[in-house]
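Since the structure comes first, as structure tokens, the remarks are kept for the end.
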Amino acid sequence: MNNPFDKASQQKLLVELAHAKMPFGKYKGRYLVNLPEAYLIWYRQKGFPKGKLGQQLEQMLDIKINGLEPLIRNIQKQFHK
């Protein structure tokens, strides 16, 4: 069984997050990293959707708040989908 904290699992999650797109709404089709921070903050106040998308939106907000967007953009370039 995979340890969710091992390097390969973390890398897989980051690659998935880097390539995740908004599936609906005003920003449908945009990479989550390209969503405005204000939109993600609005979701935090409203409540993130249930499931994987909600987790990814919350993670992306944390990434943006901590200035780690370049990390996600580098992963997009390095691991094409």
### Complete set of residues in the range 15-41 that are in a loop (DSSP other than H, G, I, E, B) and not basic (Lys, Arg)
ALA20, MET22, PRO23, PHE24, GLY25, TYR27, GLY29, LEU35, PRO36
### Query
touching a residue at least 40 places away in the same chain (Cβ under 8 Å) and not in a loop (DSSP other than H, G, I, E, B) - does that describe any residue in the range 2-10?
no
### Query
Taking the stated definitions as given, is LEU17 within 13 Å of the chain's Cα centre (by Cα), at pLDDT 95 or above, over 16 Å from PHE79 (Cα atoms) and surrounded by 14 or more Cβ atoms within 10 Å (Cβ to Cβ)?
no
### Query
When residues of the range 42-62 are filtered for being assigned to a helix (DSSP H, G or I) and either charged (D, E, K, R) or in contact with a Leu (Cβ under 7 Å, 6 or more places away or on another chain) (or both), how many remain?
11
### Query
Do any residues in the range 22-37 that are without any contact (Cβ under 8 Å) to a residue 40 or more places away in the chain have Cβ atoms under 6 Å from those of residues that are of a type in the set (A, V, I, L, M) and assigned to a loop (DSSP other than H, G, I, E, B), where the two are at least six apart or on different chains, and which pairs are they?
TYR27/LEU35; LYS28/MET22; ARG30/MET22; LEU32/ALA20
### Task
State the number of residues belonging to the range 20-36 that are farther than 19 Å from ASN74 by Cα and either of a type in the set (Phe, Trp, Tyr) or surrounded by 11 or more Cβ atoms within 10 Å (Cβ to Cβ) (or both).
3
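The values are calculated or read from the model by the stated rules, or taken from the named source; none is laboratory data. Please read all numbers here as calculations on a predicted model, not as lab measurements. Here Cβ is always computed from backbone atoms with ideal geometry, including for glycine, and neighbour counts include all displayed protein chains.
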